[in-house]
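Structure, as C-alpha cells:
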Amino acid sequence: MPPNADLGRLRDAHTAPYAVELPSSIGSASADPASVILAYAAWHPMVLWGTWLDSEVLIGVDPVVELGGLDADQCWEPLSVLPGPQSGSQGIGSAGSGFEGIGGGWVTVLGYDPGTSWLAFYDSLLRRRADGTWVFESLGLPGREQVAAAHLEQARAAVCAKTWLPGAGAGIGPLSPINKHEQEPRDQHTRDQQVALHHLAGVERVIGRIRAGEVYQLNLCTRLRAELLEPPLELFVRTAGTLRPSYGAQLPTGSDTAVVSLSPERFLTVRDGLVTTSPIKGTTKRTEDPDGSQLRSSTKDAAENIMITDLMRNDLSRVCEPGSVTVTGLLEVEPHPGVWHLVSTVQGRLPLGASVSQLLAATFPPGSVTGAPKSSARAAIAAEEPHPRGAYTGSAGLITADGRAELSVLIRTFEVTGNRVELGVGGGITVDSVPVREWQECLHKAEPLARAAGSNLSGWLSDLPPPIPIDLSDAGVFETILVQHGRPLRLADHLARLARSVRELYGAALPDEIGSQALQTAATMGDSPRAALRIRVQSQHTHLDVEVSAQPLGPRLRRSELTFANRSAVSWRHKWSRRDQLQAAERQTAPALPYFLDTDGQVAETSRGNLFVQGADGRWRTPPASDHLLPGVTRCALLDALSDRRVPCLISPISREDLGAARAVVWTSGLSGVVAVSGLDGRALASASPAETWSQWLGYA
C-alpha cells in the first residue's frame, strides 16, 4: 500500500480536465478498435472493450498509482478517496466542472482469492465513443503534463494505425483440465476423464449439502489450462474481436501476469446515484436450443436465477436507500457466444454521499458466482473446489473520478502467468441439478473461447452425451417405487427423477395429477406388506402417455452374487422402459446378477442398482453419477443417511481392480433397499455386511 500522501494527491488535487477530439476523417477501416489497441502494444496498456459507461473502447497507460497483490477488501480504502456518486463534490471530473467525459479513474481487478486484486489509477484515456469517434481525455493532474502529452501523441498515432488482421496460428494451445494430482496418470485421456468424474462427484456432494440445508444453491467451478502462444494483448484482441463481449478487458496486473476477460455479465453499474446489477444464472447450448425456448421453460434454471436475483436484491438493500431496490427485469433470455443465458436486473438508489467502495464492501463477491446464502456458499466452495479460483469470479472494471462505475463479473476470463493461461468455468448447482449436464455446461462455456482463440478443447473432452438409441427413447421411461401397506417410499424423489428425464428427453412436463394418481394407486395395496408401484411415461410426440399400476411383491432380496457382463455404450442415466439388454445380461450371469463397467473401464452399476464398495482401508466409495449409471433414489438416500451418521463415504471412480480387492460390497435399489454382495466374479466376500442395518435406516423392513 502506498503512503497516504499518494492517495491524497488523487483526493485533493485541483484539476482541469480536458478533451481533444481526434481526426474523424481517417476512415473507419484504419481506426478500428483492434488496430488502435495493438498500436499500444509497447506501452503495456490496460484496455476495456465493450459497453463501458457508454464507451466502446477505453485505453490507459502509465498509471499514477498502481497496487498489486492485494486482497479484495484491501481495495476499499484506496477506492474511497474518490467522491461518492451524489456527494456534490466539484473534484476531478465531476459534473460541476463542465467536463462530460471520463478522463480517468481507478481501473481494477477485484480477485476472488486473496492476493489476486489489482488497482491502477489512470489520469488519461483514449476513448472510442459509442458513435465510433475517438477522443483523448485527461484529468489534467498537476505534475503529469508530460505524461499526458506523450499519451496524446501516441493516441494520435494509434488512430491512424493500419488495419490489423489476426495471424493464422492459434493464440493458445488446446485447453485441458487441471488435474489435482499431476503425477498420475500420465496420459491426457485418463487425466481428462479423472477431472470430469471428480467434477461429477463434486456436484453430487454439493447437492448433498443442499439436501442437508447448508446452502440453497452453490456455484461450483473447475479450471482448464493451455500454453500461451502470443502476447496477452494479441490474445485479447483476437478473442474480443470475435466474441464482442459486453465487458471485455485486458488488464496488465504484473510483469508477467495479465487478466484477459471476455465477460458477458454486469456486476455493478453506478451513475447519478442509481446502481444496477444484472446477474446471469441459467444456461443452454444454442445448437441444442436454437430459439432459447428450452431455457425459457426450464424450472431448474428459473429457480436458480430467482434465488440469485433475490440474493442481489438483498445485497443492494444493505447499502441503498430503504425501499428503493426493485427488480426491473426478470428471467430475460439473452444470446451470448455459444449459449443462451437467463438474465435478471435489479436497481436501487444509493444514499447521498455513499461511495462505490461502500457498495462493493456490501456486495462483493458477486452472488451469481458464489451462491446462497453467500457466506455458507463461500465456505462450501473452499471445501469442494480442488483449485484456488484466482481472480476468476471476482470483478473488473472502472470507477471514474466523479464516482461513476462499471464493473463486470470475471467469468469467461483467461488468467495469464508467463506462458501459461488458465480458464475457470463453472455453473450454479441446485437440488435439481444433473451432474453430467453441469459438466457439459462447463464445456459449453469454454468451447467458444477456445475457438475464438484459434484453438480447441483437449481432444478427449466432449460436451456431447453418449448416444440415445431411438428404440430406447421411443419405448419411454419408468419408475418403480416400493409400497409398504399402501404407503409409497420416497415418492417425491422418484417423481423428481422421472420429471427430469421426461423434460430432457421429450421437452415436456409431467402431468400435475400424476402425484395424486400414484398415491391413489398405492393405497389399493394397503393389505400388502410389499408392493411395487410402477409409473411409465411414453412420448406420443403431441402428448405423453402415462400409465400407473401396482402389484404385490414377494420377500425382499437381501443377498446376491455379482458377475461382470457387457452392455452397449449408451446413456444409462435414464430408467428405460425397454430392459432387454439388462434382462439378457441377467440370463447370462444367472444365478448371479450382472455388473457393468463404463467406457473407460471404471465400475458403473449392477442391472438392478447402484454399487457401494468398501476398500482395504475401510472406507466406502460409490461411483459418481455419470452417463453410465442411473442416479438411484435409494443411493441418494443412503448417501444422506451415511452423512447424517458421520459414516465416511466417498463419491469417486472405482476401478475393476478396486472392486476385485474390495472388503465388502453392497448395492442399492428402490425395491430391495441395501443388498449385500456375497460373491464377486466367483470370489466369496466376507459375510459381515452393513446391508441390513443400512436398509433399516432407510425404512426397509
- Somewhere in the stretch 299-316, is a residue in a strand (DSSP E or B) and either over 18 Å from GLU438 (Cβ atoms) or in contact (Cβ under 8 Å) with a residue 60 or more places away in the chain (or both)? no
- Task: Pick out the one residue from ARG186, ARG156 that is modelled with pLDDT of 90 or more and either in contact with a Leu (Cβ under 7 Å, 6 or more places away or on another chain) or in a loop (DSSP other than H, G, I, E, B) (or both).
- Result: ARG156
- Task: Determine which single condition SER577 fails, assuming it passes every other condition in (1) closer than 30 Å to LEU650 by Cα; (2) buried (at least 16 other Cβ atoms within 10 Å of the Cβ); (3) within 35 Å of the chain's Cα centre (by Cα); (4) not aliphatic (A, V, I, L, M).
- Result: (1)
- Task: Identify, by number, the condition in (1) without any contact (Cβ under 8 Å) to a residue 60 or more places away in the chain; (2) within 30 Å of ARG635 (Cα to Cα) that GLU153 doesn't meet.
- Result: (2)
- Can you give me the number of residues within the stretch 643-676 that are surrounded by 16 or more Cβ atoms within 10 Å (Cβ to Cβ), touching an Asp or Glu at 6+ places or on another chain (Cβ under 9 Å) and under 18 Å from GLN602 (Cβ atoms)? 4
- If you check VAL259 against the conditions, is it part of a strand (DSSP E or B), over 22 Å from the mean Cα position of the chain (by Cα) and farther than 19 Å from ALA170 by Cβ? no
- Looking only at residues in the stretch 526-547 that are in contact with a strand residue (DSSP E or B) (Cβ under 7 Å, 6 or more places away or on another chain) and surrounded by fewer than 16 Cβ atoms within 10 Å (Cβ to Cβ), which one is nearest to ALA590 (Cα to Cα)? PRO529
- Message: What's the number of the only condition in (1) surrounded by fewer than 16 Cβ atoms within 10 Å (Cβ to Cβ); (2) touching a Pro at 6+ places or on another chain (Cβ under 8 Å); (3) not aromatic (Phe, Trp, Tyr) that ALA523 fails to meet?
- Response: (2)
- Message: Go through the stretch 97-141 and report how many residues are at pLDDT below 95, surrounded by fewer than 24 Cβ atoms within 10 Å (Cβ to Cβ) and part of a loop (DSSP other than H, G, I, E, B).
- Response: 9
- Return the residue satisfying two criteria in turn: it lies in the stretch 203-222 and is charged (D, E, K, R), over 18 Å from HIS387 (Cα atoms) and assigned to a helix (DSSP H, G or I), and of such residues it is modelled with the lowest pLDDT. ARG211
- Unmet criterion (only one of (1) under 27 Å from TRP340 (Cα atoms); (2) crowded, with 21+ Cβ neighbours inside 10 Å; (3) small (Gly, Ala, Ser)) for GLY241: (2)
- Task: State yes or no: is VAL319 surrounded by fewer than 17 Cβ atoms within 10 Å (Cβ to Cβ), at pLDDT 90 or above and touching a Ser or Thr at 6+ places or on another chain (Cβ under 8 Å)?
- Result: no
- Message: Within the stretch 32-46, take every residue that is closer than 11 Å to ARG128 by Cβ and under 32 Å from the mean Cα position of the chain (by Cα) and give me the one that is surrounded by the most Cβ atoms within 10 Å (Cβ to Cβ).
- Response: ILE37
- Message: I'd like to check something: does the stretch 227-235 contain any residue that is within 29 Å of ASN305 (Cα to Cα) and not in a helix (DSSP H, G or I)?
- Response: no
- Task: Mind telling me which of the residues LEU295, LEU331, LEU311 ends up being closer than 20 Å to ALA377 by Cβ, in the same structural domain as GLN217 (by TED's automatic domain parsing) and surrounded by 14 or more Cβ atoms within 10 Å (Cβ to Cβ)?
- Result: LEU311
- Note on the structure: By residue number, the members of the stretch 339-376 that are within 23 Å of GLY50 (Cβ to Cβ) and surrounded by fewer than 21 Cβ atoms within 10 Å (Cβ to Cβ) are THR345, GLN347
- Item | Meets criteria (in contact (Cβ under 8 Å) with a residue 12 or more places away in the chain and touching a helix residue (DSSP H, G or I) at 6+ places or on another chain (Cβ under 7 Å)) for GLY554 | no
- Task: Scan the stretch 190-202 and give yes if some residue there is modelled with pLDDT of 85 or more, in contact with a Leu (Cβ under 6 Å, 6 or more places away or on another chain) and assigned to a helix (DSSP H, G or I), otherwise no.
- Result: yes
- Task: Can you give me the ranges of the strands (runs of 3 or more DSSP E) entirely in the stretch 327-437 with at least 1 residues that are under 14 Å from the mean Cα position of the chain (by Cα) and modelled with pLDDT of 95 or more?
- Result: 405-409, 413-417, 420-429
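Would you mind stating whether GLN614 is polar (S, T, N, Q), farther than 29 Å from ARG536 by Cβ, more than 28 Å from the chain's Cα centre (by Cα) and surrounded by 16 or more Cβ atoms within 10 Å (Cβ to Cβ)?
In short, yes.
The values are calculated or read from the model by the stated rules, or taken from the named source; none is laboratory data. Just so it is clear, the structure is predicted and the values come from calculations on it, not from any experiment. Methodologically, a virtual Cβ is constructed for each residue, glycine included, from the backbone with ideal geometry; neighbour enumeration extends over all protein chains shown.
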